[in-house]
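Inspection log for the structure reproduced underneath, given as structure tokens.
What follows draws every value from the coordinates through simple rules; no lab data is involved. Please read these numbers as outputs of a predicted model, since none were measured by experiment. Cβ: placed from backbone, ideal geometry, glycine included. Neighbour counts: every protein chain shown.
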Amino acid sequence: MKTIYRIYPSIGIARIGNSEASYFVGPESPGVVSDKPYRDDSSPGKIKPQAARFRVYQFTRDEFGEETLEREVTPDEKTHIKWSVHLVNRKAAAAQFPPGGPSAPHRNEGYDRAGLVIDAGAQTRSGKNKPPLTLSGDIHFILNGNVEGSKRGVLGRILTDKKGRLIVVGGPGKSSSPIGSGLNNFANNDGWYDGVSDGPVNAVVEVTDNEPILAEGGAWVVIAPPSYAAGIENVTTWYDQALSVNARTFSPHLMKKVPSFTRDIYPILKRTVLISWVVEQSNRHHGVSGNFLTPARLIRLADKSPIPGRSGKAFSTS
């Protein structure tokens, strides 16, 4: 049996916020919204950044490759965990949005590409209750060898909680133009930078009298814009997209499965209704008059009777 370690979640979502006094930990289970207040009462008009919390778990792997979860690993007298986080913002050096393949034009054409990357470098934290360490980097607008403007951008903070788990906090979300450019597009504005970022998360576990072991697979953290209505998901989720790609590309047998109303269809209807609270166009179609979730409509959808003119059911009501 081989001992291995893994970091969870595999992808953690943190969010920017302009309060420097505090933060809150984001959702840690699917469909569960944090009940912590987003507003910073000590600083009117400011919101708290969202943090992503990472944990290390120990598994045993047998000779057949089967893995068994043993426990969560936390630092103590015999166990040492060294966390590392490497945040980077490449937006100023990236292709314009929406993406158009390898030939898509880049933002800030003509400027030195390396100087446009805000790279905070790999930073580490170990132990319990370690204070925040700010992760930041510089952006330089260099044209024909001349530095037209530079700025230091804060991407986030890392710390550990009372059990030694890693906490990655979103940065203040500041944007500016070191070269004084104006804003003329919602996504592509040459001369500008912002405070979102992402990057790898790794952990090395060292138990007394044993060689240090790097957690397999690592993890990733994304520092995104705020979610002002956290309980309202996009109609199409990341999971939906991943499942679709898997079914079309790697597991075609999934295309033949009968969809479950409860698992596959109801969540889409629910998200369509909820998004009407924040999107006017959706509210016109799926607000009060077009609500899929009214008792009358749910009764019709739960009816297992054959539909006239059709043979069988299009989905399972399980």
**OP:** Calculate the spin-label point distance for Leu133 paired with Glu77, positioning each point 7 Å from the Cα along the beta-carbon direction, and give it in nanometres.
**Re:** 2.7 nm
**OP:** Kindly state, as a whole number, the per residue volume in cubic angstrom of the convex hull around the alpha carbon atoms of the chain.
**Re:** 221 Å³
Original post:
So what is the calculated 222 nm ellipticity per residue for the chain, using -39500 (n - 2.57) for each DSSP H run with n of 4 or more, over all residues, to the nearest 500 deg cm²/dmol?
Top reply: -2500 deg cm²/dmol
Subject >> Order of Trp220, Trp277 - criterion: other Cβ atoms within 10 Å of each residue's Cβ, fewest first >> reply: Trp277, Trp220
Original post:
Cα centroids of the range 106-125 and the range 241-272: how far apart, whole angstrom?
Top reply: 38 Å
Subject >> 24 Å Cα-Cα reach of Lys2 towards lysines, excluding residues that sit fewer than 8 places from it in its own chain >> reply: Lys78, Lys82
Subject >> Charge tally in the Cβ shell below 13 Å around Asp119, where Lys, Arg are +1 and Asp, Glu are -1, Asp119 excluded >> reply: +2
Original post:
Which of Ser22, Gln50, Gly115 sits farthest toward the positive end of the charge dipole of the range 2-224, with +1 on the Cβ of Lys and Arg and -1 on the Cβ of Asp and Glu?
Top reply: Ser22
Subject >> Hypothetical label at Lys304: residues of the range 240-274 whose amide nitrogen lies under 16 Å (7 Å Cα-Cβ projection) >> reply: 258-263
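Given R₀ = 22 Å, FRET efficiency for Thr236-Ser34 by Cβ-Cβ distance, to 0.05?
Computed FRET efficiency for Thr236 and Ser34 comes out at 0.45.
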**OP:** Name all residues of the range 65-85 having a backbone nitrogen under 16 Å from the label point set 7 Å from the Cα of Thr3 along its Cα→Cβ direction, giving them as ranges.
**Re:** 68-82
**OP:** Please list, or write none, the aspartates and glutamates whose alpha carbon is within less than 16 Å of the alpha carbon of Lys270, excluding same-chain residues fewer than 8 places away.
**Re:** Glu233, Asp240
Original post:
Efficiency by 1/(1 + (r/R0)^6): what FRET value for Asn291 and Trp220, r their Cβ-Cβ distance, R0 = 35 Å, to the nearest 0.05?
Top reply: 0.40
Original post:
Taking the alpha-carbon centroid of each part, what is the distance from the range 13-42 to the range 182-208 in angstrom?
Top reply: 19 Å
Original post:
Cα to Cα, under 22 Å, and not fewer than 8 places away if on the same chain: which lysines meet these conditions relative to Lys151?
Top reply: Lys91, Lys174
Subject >> Residue list for the range 1-33, given a label point 7 angstrom along the Cα-to-Cβ vector of Asn210 and an amide N cut-off under 18 Å >> reply: 1-8
